[in-house]
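Colleague: Below: one structure in structure tokens.
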Amino acid sequence: MEIVKADTIEQYNRFFGFQTKHPLVGIVHFDRSIPQLTYRMTFGFYALFLKKTTGCIINYGKTVYDFDDETVVSFAPGQTIGIHRTEDGPAPEAIGLLFHPDFLHRTPLAQKMKQYSFFSYASNEALHLSVDERMILQDYMDKISRELEHPIDKFSKPLIVSNIEVLLNYCMRFYERQFVTREELNNDVLVRFEQLLNEYWDAGMAKQRGLPTVKYFAEKVCLSPNYFGDLVKSETGKTAQECIQLKIAEVAKSALLDSNLSSKQVADMLGFQYPQHFLRFFKKQVGCTPKEFVSRAIA
């Protein structure tokens, strides 16, 4: 299937037949009058969709979104998505907020965009909303839409940007709530994460693959790295990377005490490419060198 390139909001609007009211920001409305389409599209801007009804399946890579009515999905510049319209259901109804990175230049929001990690939730984890939550997001999209109807003046950009920022902050809050309400599922993920951490060294995978990454474990539990990392942080108070580092330090200490391996051999077993990297890591995590650690333990 050919990939549709939507580098600009104008290109996106032209594809669907929407009117462009601002070249760098827009609100689009999908209703049952929009022709049923199946396509793949690459975005050149940020896109956040508040979906009111079912009616299509969204794929990101090889993963199908956990996508139902009253949900939010979002995409960042450079991402390619596939849309497959279901044949037996009604056309989906949704409202979309589109904004180009250029629109944020010289604004505080431009520096904050990295904190909105849900733009990289390339997994089956959409944001599921309550009725009240949907109304809040709808309200801010309506405010942006009304501002786009207003003649552009010196207040236009600050007002639109401030409304986008508040909307994104609400999305962050609602995702935090979702982590809490899915506590049982989250615990299953954490248990699996712990099992995978143990298996990584028990099965000798470190020698084959090197040091483990957050991406490796996220893929094993069928989540995107960003969603997986945010889930682990919300449940443990530590980042996924910090959990991995704590495990590496734990395995290193056990290996140094329970075997006759040298520091170089332990470094190799753990997956460090160079022994000096292991020495720096160990001192940072434990507070002393491997040699000092062993000497203190047997004293």
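The values are calculated or read from the model by the stated rules, or taken from the named source; none is laboratory data. Remember, it's a predicted structure, so these values are computed and weren't measured experimentally. Because the Cβ atoms are built from the backbone with ideal geometry, glycine has one as well, and the counts that use them run over all protein chains shown. Protein only, heavy atoms only, side chains kept; ligands, DNA and RNA dropped before computing areas. Shrake-Rupley method; radii C 1.70, N 1.55, O 1.52, S 1.80 Å.
Colleague: If each of E176 and R280 carries a label point 7 Å out from its Cα toward its Cβ, how far apart are those two points in nm?
Modeller: Each label point is offset 7 Å from its Cα along the Cβ direction, giving 3.5 nm.
Colleague: Which order do the peptides 250-257, 208-215, 42-49 come out in when sorted by mean C-beta neighbours inside 10 angstrom, highest first?
Modeller: Values: 250-257: 17.0, 208-215: 14.1, 42-49: 20.9.
Highest-to-lowest ranking by the protection proxy: 42-49, 250-257, 208-215.
Colleague: Also: Multiply the residue separation of D188 and R40 by 0.36 nm, subtract the distance between their alpha-carbon atoms, and state the gained length in nm to one decimal. Before the final figure, lay out each step's value.
Modeller: Working: separation 148, 0.36 × 148 = 53.28 nm, distance 3.30 nm.
Between D188 and R40, full extension yields 50.0 nm more.
Colleague: In whole Hz, with x marking every Gly and Pro, tabulate ³J(HN,Hα) for the range 127-142 from phi via Karplus 6.51 cos²θ - 1.76 cosθ + 1.60, θ = phi - 60°.
Modeller: Per-residue couplings from phi come out as 8, 8, 10, 7, 4, 5, 5, 4, 5, 5, 5, 4, 4, 6, 5, 5 Hz.
Colleague: Now, a different point. After finding the eigenvalues of the alpha carbon gyration tensor for the chain, what semi-axes result from the square roots of 5 times each, listed largest first in whole Å?
Modeller: After scaling each eigenvalue by five and taking roots: 46, 21, 17 Å.
Colleague: Average the reciprocal distances over every distinct pair of alpha-carbons in the range 192-299, invert the result, and give the Kirkwood radius in Å.
Modeller: Computed over Cα pairs of the range 192-299, the Kirkwood hydrodynamic radius comes out at 14.5 Å.
Colleague: Something else: Roughly speaking, what is the stretch gain from V131 to L257, that is 0.36 nm per residue apart minus the C-alpha to C-alpha distance, in nm to one decimal?
Modeller: Working: separation 126, 0.36 × 126 = 45.36 nm, distance 5.64 nm.
Using 0.36 nm per residue and subtracting the Cα-Cα distance, I get 39.7 nm.
Colleague: Next question, about the same structure. Of K52, K247, which has the most accessible area and how do the rest follow, probe 1.4 Å?
Modeller: Ranked list, largest accessible area first: K52, K247.
Colleague: Residue-wise, which Karplus ³J(HN,Hα) couplings in Hz belong to the range 111-121, taking 6.51 cos²θ - 1.76 cosθ + 1.60, θ = phi - 60°, and x for glycine or proline?
Modeller: 7, 9, 4, 5, 6, 8, 5, 5, 5, 10, 6
Colleague: At 1.4 Å probe size, with every protein chain present, just tell me what the per residue accessible area of the range 131-290 comes to in Å².
Modeller: That works out to 55 Å² for each residue.
Colleague: Next question, about the same structure. Using label points projected 7 Å from each Cα along Cα→Cβ, tell me how many nm separate E219 and S156, to one decimal.
Modeller: 4.6 nm
Colleague: Would you work out which of A47, Y216, F174 lies farthest towards the positive end of the dipole of the chain? Charges go on Cβ: Lys and Arg +1, Asp and Glu -1.
Modeller: Ranked along the dipole, the leading option is Y216.
Colleague: Here's another thing I want to ask about it. Give the separation of the Cα centroids, the range 181-213 to the range 261-299, in Å.
Modeller: Their Cα centres are 22 Å away from one another.
Colleague: If you count only protein heavy atoms and use a 1.4 Å probe, how large is the accessible surface of I83, to the nearest 10 Å²?
Modeller: Taking all protein chains as shown, I83 has close to 20 Å².
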